[in-house]
Amino acid sequence: MGIINDECFSPLHIHYSHNTPVCLLLCFGFTANAMAASISLPLTSPSPRSLATIPSLRSSFCSILQLDSIGKNSARRRSPRLSVSVTSAGLHVTEKASSLSFLERRESGFLHFVKYHGLGNDFILVDNRDSSKPRITPEQAVKLCDRNFGIGADGVIFAMPGVNGTDYTMRIFNSDGSEPEMCGNGVRCFARFIAELENLQGRHSFTVHTGAGLIIPELQDDGQVKVDMGEPILKASDVPTRLAPNADESVVKSDIEVDGVTWSVTCVSMGNPHCVTFGNKIDQNLQVDEINLAAIGPKFEHHEMFPARTNTEFVQVFSKSHLKMRVWERGAGATLACGTGACAVVVAAVLEGRAGRNCTVDLPGGPLQIEWNEQNNHVYMTGPAEVAFYGSVPLQ
């Protein structure tokens, strides 16, 4: 893995995968398959500056390298790591160490991370296995997640020592600094991160302690991750919601007024609260692409009927086994995917008689396969998790 030269100013090393934007790479004369750039990013409040005033960008780029990304094959693909240095003497290409050696770095004062995404729901993953205290504060997480002045992410996830006999503990800070109980796409990214840290290949499973309880992800041979998300929580007071139960102790197809419109909702907790709607009094069959999510989402999230706030899923039904959703996430806003939300959507669809127990759920970032098993009442989620890039940032 490329290490920045001592004479180079830039404190943040961002090592992109093959998904690196073409516009970034072409402006330095490289193709989009290969390379990465180094950018300065302190964890202090940003001040507007011209790129021309930053020494590392004014002179030369210090490190551009090819990254091994965890692909869809059963074994982790490995390709040579190339460090490309642009200097006055010309272009120099040398082979560097693996991504694993990068993850083992422990320089004091720096936060080393890997950026992952699950269907576009993106996270900064931090190796925190040597401590039960997160390496950064919620305030620092907010700065890191900023998409204009930071790395950019929906949250920061910490891989911590297990408790109560579990293999690992997962904690997450949202982009607004709040801490949710769990995150479905996040736990898939967490599983792939653990595989990278432990150099695991092929099929593996382990136990993870979360704020929502025990979660068991299983790495699949095709590179995807199947996660036992446990049993859905349907009791209204445990979701929690103040809506009156109307199906035993649950809230199913109950009316709620939001911004002057009466919506029909079903409330489900997957360790975190969800409000699922398939329509309202005006539109019984939602066309989810037409919803103004930024306008309506916050009004659901902060509605008085949800004392812990709520995630909200707007769902369109194509068939008994094919659903489409958009989500407004508590603490993160509109995201490209929400794993716990997709699980809650299938549970709600079954309870309302709209779908079967095994569904493909289309999210803006791509599909997830969700099964609500009738025998053990557990919900299983299967989907991808991929590396975006590796990086380091000074802790200030």
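Check N185 against each of (1) open to solvent by less than 10 Å² (accessible area, probe 1.4 Å); (2) over 16 Å from A388 (Cα atoms) and name the one condition it does not meet.
Among (1) open to solvent by less than 10 Å² (accessible area, probe 1.4 Å); (2) over 16 Å from A388 (Cα atoms), N185 violates only (2).
I'd like to verify a number: residues in segment 206-223 that are surrounded by fewer than 22 Cβ atoms within 10 Å (Cβ to Cβ), at pLDDT 95 or above and in contact with a helix residue (DSSP H, G or I) (Cβ under 9 Å, 6 or more places away or on another chain), how many?
Count: 2.
Got a number for residues in segment 321-331 being open to solvent by less than 30 Å² (accessible area, probe 1.4 Å) and either modelled with pLDDT of 95 or more or among the β-branched types (V, I, T) (or both)?
Total meeting the criteria: 5.
Does Y116 satisfy the criteria of being of a type in the set (S, T, Y) and touching a Gly at 6+ places or on another chain (Cβ under 6 Å)?
Against the criterion (of a type in the set (S, T, Y) and touching a Gly at 6+ places or on another chain (Cβ under 6 Å)), Y116 does not qualify.
Could you look through segment 257-304, keep only residues that are touching a helix residue (DSSP H, G or I) at 6+ places or on another chain (Cβ under 8 Å) and on the phi > 0 side of the Ramachandran plot, and pick out the one that is modelled with the lowest pLDDT?
D259
Any idea how many residues of segment 201-212 are more than 16 Å from F158 (Cα to Cα) and among the small types (G, A, S)?
2
In segment 299-320, which residues are assigned to a helix (DSSP H, G or I) and open to solvent by 40 Å² or more (accessible area, probe 1.4 Å)?
K299
This table checks each residue for (1) in contact with a Pro (Cβ under 8 Å, 6 or more places away or on another chain); (2) touching a residue at least 40 places away in the same chain (Cβ under 8 Å); (3) not hydrophobic (A, V, I, L, M, F, W, C).
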site: L243; (1), (2), (3): no, yes, no
site: V251; (1), (2), (3): yes, no, no
site: E257; (1), (2), (3): no, no, yes
site: V261; (1), (2), (3): no, no, no
site: V265; (1), (2), (3): no, no, no
site: V268; (1), (2), (3): yes, yes, no
site: N272; (1), (2), (3): yes, yes, yes
site: C275; (1), (2), (3): no, no, no
site: Q284; (1), (2), (3): no, no, yes
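Since S264 meets every condition but one in (1) under 22 Å from G184 (Cα atoms); (2) of a type in the set (S, T, N, Q); (3) in contact with a Lys or Arg (Cβ under 6 Å, 6 or more places away or on another chain), which condition does it not meet?
So S264 meets the others, but not (1).
Only residues that are more than 15 Å from the chain's Cα centre (by Cα), buried (at least 24 other Cβ atoms within 10 Å of the Cβ) and in contact (Cβ under 8 Å) with a residue 40 or more places away in the chain: list them for segment 348-389, please.
Kept after step one, since they are more than 15 Å from the chain's Cα centre (by Cα), are these residues of segment 348-389: 348-362, 369-380.
Pick out the ones that are also buried (at least 24 other Cβ atoms within 10 Å of the Cβ) and you get 348-349, 355, 359, 361, 370, 379.
Correct list: A348, A349, V379.
List the residue pairs whose Cβ atoms are under 9 Å apart, where the first residue sits in segment 287-301 and is under 16 Å from L363 (Cβ atoms), the second is part of a helix (DSSP H, G or I) and not aliphatic (A, V, I, L, M), and the two are 6 or more positions apart or on different chains.
Filtered contacts from segment 287-301: I291/G297.
The values are calculated or read from the model by the stated rules, or taken from the named source; none is laboratory data. For clarity, every value in this text was computed on a predicted model and none was experimentally measured. Please note: Cβ atoms are built from the backbone with ideal geometry, for glycine as well, and neighbour counts cover all protein chains shown. For the accessible areas, the whole protein counts, side chains as well, though only heavy atoms, and no ligand, DNA or RNA atoms are used. Shrake-Rupley method; radii C 1.70, N 1.55, O 1.52, S 1.80 Å.
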